[in-house]
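Worksheet for the structure shown next.
The values are calculated or read from the model by the stated rules, or taken from the named source; none is laboratory data. Worth saying up front: this structure is predicted, and the values here are computed from it rather than measured. Cβ placement follows ideal geometry from the backbone for every residue including glycine, while neighbour counts extend to all protein chains displayed. Ligands, DNA and RNA are stripped out before the accessible areas are found, and what is left, the full protein with its side chains, is counted by its heavy atoms. Shrake-Rupley method; radii C 1.70, N 1.55, O 1.52, S 1.80 Å.
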Amino acid sequence: MPNLKGAKIKLVFADHQGNPQIGATETERLITQEKVVVVVGAYFSNVTATSSQVAERYKIPYLNPDSSSTSLTARNFKWFYRITPHDDL
C-alpha cells in the first residue's frame, strides 16, 4: 500500500464451523496470536454475535458483510460495522 509506506495486507483465515463458541475462540486467537487489526465475518448471525463481542472487548474493528440480525446493531458497539441491511429492512 503506497500511502502506508509499502505496508502489505495479509489475509488470515479461521473456520468457526457454524458454532458461536468456536467463532468467539477463533476471533480471540486471531486478535491475540495472529495480531490482526480488523476482523471480517461471519456469515451466521449467531456466530457474529459472539465473535464481535470479542472484537469489541479488544477494540478491534469488526466488519460485518453478511449477518443480518437486527439485534447485532442494537447493541451500540463502537467497533462493529454492518455494511448490509438488517432483517427489518
(request) Rounded to the nearest 10 degrees, what's the angle between the helix 20-32 long axis and the longest principal axis of the chain, both from Cα atoms, 0 to 90? (result) 20 degrees
(request) Any chance you could give the angle, 0 to 90 degrees and rounded to 10, that helix 45-58 forms with the longest Cα principal axis of the chain? (result) 50 degrees
(request) Sort 39-46, 6-13, 18-25 for me by packing, meaning the mean count of neighbouring Cβ atoms within 10 Å per residue, highest on top. (result) 39-46, 18-25, 6-13
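Using the scaling law 2.2 N^0.38 Å as the reference, what is the normalised Cα Rg of the stretch 37-89?
0.98
Give me the 1.4 Å probe accessible area per residue for the stretch 1-84, excluding ligands and nucleic acids, in Å².
Values: 5570 Å² over 84 residues.
It amounts to 66 Å² per residue over the stretch 1-84.
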(request) Lys and Arg at +1, Asp and Glu at -1: add these up for the other residues within a Cβ distance under 13 Å of Ile31 and post the number. (result) 0
(request) Give the carbon-plus-sulfur fraction of the accessible surface of the chain in %, rounded to a whole number; probe 1.4 Å, heavy atoms of protein chains only. (result) 56 percent
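Gain in length, Arg75 to Gln33, computed as 0.36 nm per residue apart minus the alpha-carbon separation, to one decimal in nm?
Value of the extension gain: 12.4 nm.
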(message) Please report, in whole Å³, the volume per residue of the convex hull around the C-alpha atoms of the stretch 16-58.
(response) 56 Å³
(message) Quick check: net charge around Ile60, other residues with Cβ under 15 Å of its Cβ, Lys/Arg +1 and Asp/Glu -1?
(response) +1
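Looking at the chain, I'd like the Rg to Rh ratio, where Rg is from alpha-carbon atoms and Rh is Kirkwood's inverse mean 1/r. Walk me through the numbers on the way to the answer.
Values: Rg = 13.4 Å, Rh = 13.4 Å.
In the chain, Rg relative to Rh is 1.00.
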(request) Grab the DSSP H runs of the chain that are 4 residues or longer, score each as -39,500 (n - 2.57), total them, divide by all residues and round the 222 nm result to the nearest 500 deg cm²/dmol. (result) -10500 deg cm²/dmol
